[in-house]
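The values are calculated or read from the model by the stated rules, or taken from the named source; none is laboratory data. Here the structure is a predicted model, which means the values were calculated and not measured. Don't worry about glycine lacking a Cβ; one is built from the backbone with ideal geometry, like all the others, and counts go over all protein chains shown. SASA here: full protein model, heavy atoms, side chains in, ligands and nucleic acids out. Shrake-Rupley method; radii C 1.70, N 1.55, O 1.52, S 1.80 Å.
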Amino acid sequence: MKTVFSPLHSRRHVQTELDGGLLIAPHEKPSRAETILARVKDQALGEILEPEEFGLGPITRVHTPDYVAFLETCWRDWQAEGKPGEAIPAVWAGRGMRHRVPKDIDGRLGYYSFAAETSISDGTWEAARASANVALTAQKLVAQGERAAFALCRPPGHHAHADLFGGYCFFNNAAVVAQAFRDQGYGKVAILDVDFHHGNGTQAIFYNRADVLTISLHGDPDLVFPHFLGFEDELGEGPGEGYNLNIVYPPGTPYSTWSQGLETACRRIEAFKPDALVVALGVDTFEGDPISFFKLTSADYLTLGNRLQQLGLPTVFTMEGGYDVDAIGVNAVNVMQGFDGKS
Ligand code: OKP
Ligand code: MG
Ligand code: ZN
C-alpha cells in the first residue's frame, strides 16, 4: 500500500494542552507521525509520496469559508493583541447567549471551537493545510485505481465540524476525502471511524445526508470526550435519517467485544453498497494508550485490517488518534499490513 506523508506536519508543534487544570506537553505531538513513517519504511509497506497541493477548494466543500479564514489568521490576530502564550479558547456562547461572530480574537476563538485543549501557534495553519493535502493525495491515488492508500495525516481531523476546531483537529480530513469522492462522481461513500473517540465532526457534517454513511465505534461519551455527541440514538436527520450509526463501549473493552460492533458496522456498509470507503483510523483503542480505555492489542490491528479488506471497496485510510508513541507505528502499520494480507 502507498503512504502519503508531509514533513510539514512538524509545523504543528504547540507547547501546551489544557489538561487537568494544567498546561501539559501535548499528547498530539510531532513524534507520532515520525514514528509511523519510520515503521512504514522499516516494513517496506510501499512507496511513500509527498502530497500535491489542492488549494482551499476541496476544503471549503465541507468547511465554511469564514472558519477557514479564521484559522488562517488566528495566530497572527492573537499575537497582534500582545498575548504572551499560545492561542487557547476560554469563552463560549452558553445556553441563552448569542451565536454571532465577535470581532475580537478571544470571541472568535470561542465561536469557532468546542473545546479548550487544542492550542494554536505558528505553523498550525500550514500543518493543517498539509494534512488535508495528504488526505486528498491519497484520495487521488485511489480514484486513479489503487485499491487503498494510507494518508498519514497530522494533525488529525475527525473532531472538526464545518466551522469548529477541537480535539486536536482543524480540517476534517476524512470528510474532505469523502466529499472529494462525491464530487468526482462516486455516488455513495461510507466513512468508518475506528478511533477511540466519537467522530463528532464527521457525523455533524453529513448528518442530514443519505449519500455519505457515517459510522463511529467509540468510548461512551457519557464518560469521555467529546462528551456532548456520539450517543447511539443519533441516527441522522431529514434525508440523512438512518445514515448515521454510533456504537459505544464501556471501559476495558477488548477486541472480542469491540469486533462485534465492527461486524455490525461492516454489515451496514455492505447493505449501503458504497462506491468508496474512508476509514478514520485512530489506534488510541490500544491497551497502552494514555488517554483512552479500550484494550486492543497490537495483533488485533492486523485482524482489523484484514476485515476491512474483505469489504472489497476502494479505501482511503486517514490517520487520526493514537498516543502511545512507542506502539503507534506498529499498530497503525499493522492495519495496513492486515489489509494487504499479512496475518
Ligand atoms: C483526539 B482524537 C485527556 C482528555 C482528552 C481530547 C481528546 C482528543 C482526542 N485528558 N481530550 O480523537 O484521538
Ligand atoms: Mg470512533
Ligand atoms: Zn481519538
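State the answer as a single residue: which of Ile36, Ser298, Asn172 lies farthest towards the positive end of the charge dipole of the chain, with beta carbon charges of +1 for Lys and Arg and -1 for Asp and Glu, about the Cα centre.
Asn172
Divide by every residue of the chain the summed helix terms, -39500 (n - 2.57) for each DSSP H run of at least 4, and state the resulting mean residue ellipticity at 222 nm, rounded to the nearest 500 deg cm²/dmol.
-11000 deg cm²/dmol
Can you tell me what share of the DSSP beta bridges in the stretch 74-220 is antiparallel? A percent to the nearest 5 is fine.
35 percent
What would the Debye equation give as log₁₀ I(q)/I(0) for the stretch 202-252 at q = 0.14, 0.20, 0.21 Å⁻¹, counting only Cα atoms as equal point scatterers?
-0.33, -0.62, -0.67
Measuring with a 1.4 Å probe in the full set of protein chains, what accessible area per residue, in whole Å², belongs to the chain?
Per-residue accessible area for the chain comes out at 38 Å².
If you roll a 1.4 angstrom probe over the protein chains with everything in place, what fraction of the accessible area of the stretch 239-343 belongs to carbon and sulfur, to the nearest %?
Heavy-atom surface of the stretch 239-343 belonging to carbon and sulfur, 1.4 Å probe: 51 percent.
Considering only DSSP beta bridges whose two residues both sit in the chain, what percent are antiparallel, to the nearest 5?
Percent antiparallel among DSSP bridges in the chain is about 15.
Cα centroids of the stretch 1-69 and the stretch 200-278: how far apart, whole angstrom?
24 Å
Against the longest alpha carbon principal axis of the chain, how many degrees, from 0 to 90 and to the nearest 10, is the axis of helix 65-80 turned?
Helix 65-80 sits at roughly 50 degrees to that axis.
Starting from one equal scatterer on each C-alpha and no solvent at all, send me the Debye-based log10 I(q)/I(0) for the stretch 135-280 at q = 0.09, 0.11, 0.15 Å⁻¹, two decimals.
Computed log10 I(q)/I(0) values: -0.25, -0.38, -0.72.
Ignoring ligands, DNA and RNA, how do Val101, Val224 rank by accessible area with a 1.4 Å probe, largest first?
Solvent-accessible surface, decreasing: Val101, Val224.
List, in the order given, every pair from Lys83/Lys140; Lys295/Lys342; Lys188/Lys342; Lys273/Lys342; Lys2/Lys188 whose Cα-Cα distance in the structure shown is over 31 Å.
Pairs exceeding 31 Å: Lys83/Lys140.
Counting C-alpha atoms alone, how compact is the stretch 203-343: give Rg to one decimal and Dmax as a whole number, in angstrom.
So, for the stretch 203-343, Rg and Dmax equal 14.8, 44 Å respectively.
In whole percent, and with a 1.4 Å probe on the protein chains, what portion of the accessible area of the stretch 34-85 is carbon and sulfur?
The C+S portion of the solvent-accessible surface of the stretch 34-85 is 50 percent.
How far is helix 124-143 tilted off the main Cα axis of the chain, in degrees rounded to 10, range 0 to 90?
30 degrees
Starting from a Cα-only point model with no solvent, please compute log10 I(q)/I(0) by Debye for the chain at q = 0.08, 0.10, 0.12 1/Å.
Debye intensities relative to I(0), on a log10 scale: -0.33, -0.53, -0.78.
For the stretch 160-269, run through the GluC sites (Glu not before Pro) and keep only the ones in DSSP coil with at most 13 other Cβ atoms within 10 Å of their Cβ.
Sites meeting the loop and neighbour criteria: Glu232, Glu237, Glu241.
Taking Rh as the Kirkwood radius computed over C-alpha pairs, what is the Stokes-Einstein D of the stretch 136-204 at 10 °C in a medium of viscosity 1.306 mPa s, expressed in µm² per second?
127 µm²/s
Assign one of three labels to the stretch 51-122, namely rounded, prolate or oblate, based on the Cα gyration tensor with a ≥ b ≥ c the square roots of its eigenvalues; rounded applies when a/c is under 1.5, prolate when it is not and a/b is larger than b/c, and oblate otherwise.
Since a/c reaches 1.5 but b/c is at least a/b, the shape of the stretch 51-122 is classed as oblate.
What's the ranking of 70-83, 31-44, 326-339 by average number of surrounding C-beta atoms within 10 Å, highest first?
326-339, 31-44, 70-83
With the alpha-carbon atoms as the only input, what is the per residue convex hull volume for the stretch 96-174 in Å³?
109 Å³
Report, in cubic angstrom per residue, the convex hull volume of the C-alpha atoms of the stretch 271-343.
Spelled out: Cα convex hull of the stretch 271-343, divided by residues, is 89 Å³.
Please report the relative contact order for the chain, taking Cα pairs under 8 Å with a sequence separation of at least 6, and give it as a percent rounded to a whole number.
Once divided by the residue count of the chain, the mean separation gives 18 percent.
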